[in-house]
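Notes for the one structure printed next.
The values are calculated or read from the model by the stated rules, or taken from the named source; none is laboratory data. Computed from a predicted structure; not experimentally measured. Virtual Cβ from ideal backbone geometry, glycine too; neighbours counted across all protein chains shown.
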Ligand SMILES: Nc1ncnc2c1ncn2[C@@H]1O[C@H](COP(=O)(O)OP(=O)(O)OP(=O)(O)O)[C@@H](O)[C@H]1O
Ligand SMILES: [Zn+2]
């Protein structure tokens with residue numbers, strides 16, 4: 001008997017081992033983890049297959065079995081293999097990416113096994129009122145009758161203490177049994193009932209069949225009640241005894257989101273998977289999902305790889321969000337994989353957004369996905385009114401046009417809230433010397449350092465390099481240093497100075513180190529007091545603040561002239577999402593967009609016709625340029641401290657690939673070219689771009705290439721395949 005294991009090393013194959021000493025065929029099941037010797041290291045590997053024979057002459061035994069039961073079920077193993085093939089990723093690394101850190105490091109799943117309290121036959125048969133004189137015992141009994149067995153963790157969280165459990169056990173009404181991991185308890189919230197659906201929402205829900213595979217894009221304007229649609233579809237799956245998976249963007253998984261869901265589903269077990277959890281809690285949540293105990297699984301990108309044995313529906317919120325694409329290591333798209341998983345599991349998947357990605361829109365317009373729409377805002381809210389404020393020859397104050405400042409003042413005076421969007425954190429994005437022209441550069445990247453005045457630091461936003469703020473020029477010693485341009489800190493100072501009577505709340509990565517911090521910061525805004533919110537894209541998504549009636553976009557021009565063909569799409573999404581924060585309650589909303597190019601046709605289209613028309617125009621341009629999503633695109637990336645090596649390597653790659661498949665109108669090569677950020681963390685970065693009519697051909701070529709390139713012996717050069725690349729940076 002031979003064990004075939006996925007070992008976390010950068011090689012695209014499985015590895016054969018003998019069973020650990022003392023274990024037989026019946027002890028080794030696919031999906032269990034093992035410690036295996038690899039070179040002179042010991043690694044955590046996952047058993048994928050048990051076979052009779054191996055092509056190898058000498059095979060080492062695995063060192064030790066870690067799990068008594070499999071933790072990856074068959075469907076998740078197939079899914080991971082599929083993803084490894086599609087993204088040209090080493091399958092062992094993909095398994096590692098699927099596991100939470102504590103399990104990746106080899107802690108046995110049994111460590112989180114739980115005790116469960118369940119009813120005995122006597123307990124089940126007890127008349128309703130039998131324990132009326134012991135109300136605590138009665139309450140516990142009722143809970144077990146209504147909701148089935150309960151984990152010790154859940155009972156503690158619900159306030160059913162040990163003596164009460166013991167009393168019921170002594171009466172032989174209940175007993176403790178060993179069972180699977182339960183999700184970490186959530187903070188208690190008051191249950192909330194659902195609003196009545198409007199007609200549009202009902203049509204959308206009816207259009208999604210409850211069983212069998214289907215993929216749908218829900219294109220629903222901001223504030224149209226998409227979340228309500230997700231909740232209803234989840235509810236339907238839960239009532240049928242299935243698990244629901246909700247994927248959210250990285251900044252979308254806030255305590256507020258969790259509370260909203262917990263309030264709707266008090267009777268179901270929720271496992272949240274996100275980076276804010278301690279290792280142990282995250283392992284607990286993951287195992288509770290993998291064993292089928294958790295009913296609802298909410299997570300960011302990597303949650304797509306969690307085994308879900310009872311999966312019944314998948315929902316992807318803000319499907320256009322860039323954080324669904326992993327940008328290093330195994331470069332997968334959780335959004336795209338969600339459709340594959342739904343297909344494998346035979347369940348519906350719904351991708352929702354007010355600003356769908358061109359990829360999903362293309363799939364919807366070509367009929368591959370069902371195209372569902374919510375065109376109106378839910379409740380009484382109306383769409384906001386949008387105006388452009390030209391700023392080219394205007395006398396600006398710290399980047400704000402005078403009429404914009406007047407509008408902000410008037411809004412606050414009416415007792416309403418204003419939101420100012422600035423897509424740059426820190427005080428100023430460039431520090432320069434007025435005498436000699438010196439500019440504060442990152443020593444490791446081809447980028448400038450951002451001044452963070454609060455911390456008295458200069459920081460690189462690409463590699464996180466930090467140094468003390470300087471007050472004289474390191475080159476000519478002049479003290480005439482000039483901070484150019486404004487980030488959130490600088491605007492905060494200015495707006496606080498100008499509108500001092502009202503609280504100014506700055507929301508960016510620096511003020512919201514934890515998810516709880518964001519919640520706390522937004523507290524005054526949720527309470528409805530007049531205040532001024534100021535922040536980066538963290539403010540653009542998901543927040544529902546009915547008193548925000550004015551949204552100011554300080555600089556709309558960022559995406560208009562970039563070398564990245566996706567930049568206008570991202571700009572459009574961001575502007576529409578930010579604008580969508582205005583007027584979500586009963587009060588009408590107004591959006592002011594400052595621009596140096598108010599006549600730019602794309603900006604005009606976006607502001608006058610909305611994102612839908614804008615995106616369809618971009619699609620026409622992609623057709624002309626034969627760019628994604630019309631064609632498939634992959635990048636081969638290479639980076640090295642020695643730029644020549646990376647460039648040479650990619651030139652060889654190009655020769656190799658062209659020998660396999662010569663360029664043609666259907667298959668085009670570009671590069672090697674330097675990445676938009678040419679140097680990062682001391683390494684020079686280049687890519688080779690391949691666009692193809694047929695995804696299958698691209699896949700085949702790249703699979704051959706990976707086998708060839710795995711032999712690359714230059715340890716200082718890193719290379720990677722980026723299938724369906726999202727960024728050219
Ligand atoms: N059928 C309904 N009747 C009344 N109010 C509703 C209904 N559906 C949703 N709402 C309310 O409308 C508001 C906006 O809904 P929700 O946050 O779900 O919108 P959304 O489409 O997800 O918005 P966005 O994409 O901008 O985040 C919420 O306060 C929600 O409770
Ligand atoms: Zn840097």
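Applying the criterion of at least 1 residues that are outside the structural domain of residue 285 (by TED's automatic domain parsing) and closer than 22 Å to residue 158 by Cα to the strands (runs of 3 or more DSSP E) found wholly in the stretch 174-254 leaves 174-179. Inspection of the stretch 677-692 identifies at least one residue that is modelled with pLDDT of 90 or more and over 25 Å from residue 446 (Cβ atoms).
For the stretch 434-460, residues that are in contact (Cβ under 8 Å) with a residue 24 or more places away in the chain and either in contact with a strand residue (DSSP E or B) (Cβ under 6 Å, 6 or more places away or on another chain) or assigned by TED's automatic domain parsing to the domain that holds residue 509 (or both) total 9.
Just to be sure before I move on: is residue 549 modelled with pLDDT of 85 or more, under 12 Å from residue 419 (Cβ atoms) and within 16 Å of ligand 1 (Cβ to nearest atom) in the structure I sent? Yes; evaluated as a whole, the condition is true for this residue.
Quick one: which of 715, 637, 654 is more than 25 Å from the chain's Cα centre (by Cα) and either at pLDDT 95 or above or surrounded by 14 or more Cβ atoms within 10 Å (Cβ to Cβ) (or both)?
On the way: 715 fails: either at pLDDT 95 or above or surrounded by 14 or more Cβ atoms within 10 Å (Cβ to Cβ) (or both); 637 fails: more than 25 Å from the chain's Cα centre (by Cα).
Only one candidate passes the filter, namely 654.
Would you call residue 476 away from ligand 1 (no atom under 16 Å from the Cβ), exposed (fewer than 15 other Cβ atoms within 10 Å of the Cβ) and farther than 29 Å from residue 276 by Cβ?
Numbers: away from ligand 1 (no atom under 16 Å from the Cβ): yes; exposed (fewer than 15 other Cβ atoms within 10 Å of the Cβ): yes; farther than 29 Å from residue 276 by Cβ: yes.
Here the answer is yes, as residue 476 does meet what is asked.
The set of residues in the stretch 533-583 being more than 28 Å from residue 228 (Cα to Cα) and either within 16 Å of ligand 2 (Cβ to nearest atom) or part of a helix (DSSP H, G or I) (or both) consists of 567, 568.
I'm trying to understand the selection: among the residues of the stretch 39-73, which are more than 22 Å from residue 112 (Cα to Cα) and not in a loop (DSSP other than H, G, I, E, B)?
We begin by selecting, within the stretch 39-73, every residue more than 22 Å from residue 112 (Cα to Cα); these are 39-42, 48-63.
Of everything in the stretch 39-73, those that are more than 22 Å from residue 112 (Cα to Cα) and not in a loop (DSSP other than H, G, I, E, B) turn out to be 41, 42, 48, 49, 50, 51, 61.
In the stretch 428-444, is there at least one residue being within 16 Å of ligand 1 (Cβ to nearest atom) and touching a helix residue (DSSP H, G or I) at 6+ places or on another chain (Cβ under 7 Å)? So far as the stretch 428-444 goes, no, none of its residues is within 16 Å of ligand 1 (Cβ to nearest atom) and touching a helix residue (DSSP H, G or I) at 6+ places or on another chain (Cβ under 7 Å).
Annotation note: of 419, 449, the sole residue that is within 16 Å of ligand 1 (Cβ to nearest atom) and modelled with pLDDT of 90 or more is 419. Taken over the stretch 54-75, the criterion of being without any contact (Cβ under 8 Å) to a residue 60 or more places away in the chain and under 35 Å from the mean Cα position of the chain (by Cα) is satisfied by 64, 65, 66, 67, 68, 69, 70, 74. Within the stretch 150-173, residues that are outside the structural domain of residue 133 (by TED's automatic domain parsing) and part of a helix (DSSP H, G or I) reach no partner that is buried (at least 17 other Cβ atoms within 10 Å of the Cβ) and at pLDDT 90 or above with beta carbons closer than 9 Å at six or more positions or on different chains.
Residues considered: 321, 328. Of these, the only one that is within 16 Å of ligand 2 (Cβ to nearest atom), within 20 Å of the chain's Cα centre (by Cα) and more than 24 Å from residue 107 (Cα to Cα) is 328. The residues in the stretch 208-235 that are away from ligand 1 (no atom under 16 Å from the Cβ) and out of contact with any strand residue (DSSP E or B) (no Cβ under 6 Å at 6 or more places or on another chain) can be counted, and the count is 5. The lone criterion from (1) more than 20 Å from residue 423 (Cβ to Cβ); (2) away from ligand 2 (no atom under 16 Å from the Cβ); (3) surrounded by fewer than 18 Cβ atoms within 10 Å (Cβ to Cβ); (4) in contact (Cβ under 8 Å) with a residue 24 or more places away in the chain left unmet by residue 597 is number (1).
Yes/no per residue for (1) within 16 Å of ligand 1 (Cβ to nearest atom); (2) in contact with a strand residue (DSSP E or B) (Cβ under 8 Å, 6 or more places away or on another chain):
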| residue | (1), (2) |
| --- | --- |
| 462 | no, yes |
| 470 | no, yes |
| 506 | no, yes |
| 512 | no, no |
| 530 | no, yes |
| 534 | no, yes |
| 540 | yes, yes |
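One residue stands out among those in the stretch 364-404 that are within 15 Å of residue 553 (Cα to Cα) and either within 31 Å of the chain's Cα centre (by Cα) or part of a helix (DSSP H, G or I) (or both): the one that is farthest from ligand 1 (Cβ to nearest atom), which is 402.
Evaluating residue 485 against the criteria (1) modelled with pLDDT of 90 or more; (2) out of contact with any helix residue (DSSP H, G or I) (no Cβ under 9 Å at 6 or more places or on another chain) leaves one unmet condition, (1). Look at the stretch 707-729: where a residue is closer than 12 Å to residue 88 by Cα and a partner is in a helix (DSSP H, G or I) and at pLDDT 90 or above, sitting 6+ places away or on another chain with Cβ atoms under 6 Å, you get 721/702.
Among the residues examined, residue 195 does not qualify as buried (at least 18 other Cβ atoms within 10 Å of the Cβ), away from ligand 2 (no atom under 16 Å from the Cβ), modelled with pLDDT of 85 or more and under 23 Å from residue 261 (Cβ atoms). Out of 327, 394, 370, which single residue is surrounded by fewer than 22 Cβ atoms within 10 Å (Cβ to Cβ) and under 21 Å from residue 570 (Cα atoms)? Step by step, each of 327, 394, 370 is checked, and only 327 is surrounded by fewer than 22 Cβ atoms within 10 Å (Cβ to Cβ) and under 21 Å from residue 570 (Cα atoms). Checked against the criterion of being more than 16 Å from ligand 2 (Cβ to nearest atom), more than 30 Å from residue 131 (Cβ to Cβ) and exposed (fewer than 14 other Cβ atoms within 10 Å of the Cβ), the candidates 232, 202 yield just one match: 202. Out of the residues in the stretch 235-245 that are buried (at least 24 other Cβ atoms within 10 Å of the Cβ) and either at pLDDT below 95 or touching a helix residue (DSSP H, G or I) at 6+ places or on another chain (Cβ under 9 Å) (or both), which is farthest from residue 356 (Cα to Cα)? Ranking the qualifying residues of the stretch 235-245, first place goes to 243.
When residue 457 is tested against the conditions (1) within 16 Å of ligand 2 (Cβ to nearest atom); (2) closer than 30 Å to residue 569 by Cα, the lone failure is (2).
Going by what's in this entry, would residue 313 be described as at negative phi, touching a residue at least 24 places away in the same chain (Cβ under 8 Å) and outside any strand (DSSP E or B)?
On the way: at negative phi: yes; touching a residue at least 24 places away in the same chain (Cβ under 8 Å): yes; outside any strand (DSSP E or B): no.
Against the criterion (at negative phi, touching a residue at least 24 places away in the same chain (Cβ under 8 Å) and outside any strand (DSSP E or B)), residue 313 does not qualify.
Taking first residues from the stretch 187-212 that are over 15 Å from residue 236 (Cα atoms) and touching a residue at least 24 places away in the same chain (Cβ under 8 Å) and partners that are more than 9 Å from ligand 1 (Cβ to nearest atom) and part of a loop (DSSP other than H, G, I, E, B), the Cβ contacts under 7 Å between residues at least 6 apart in sequence or on separate chains come to 191/266; 200/375; 200/376.
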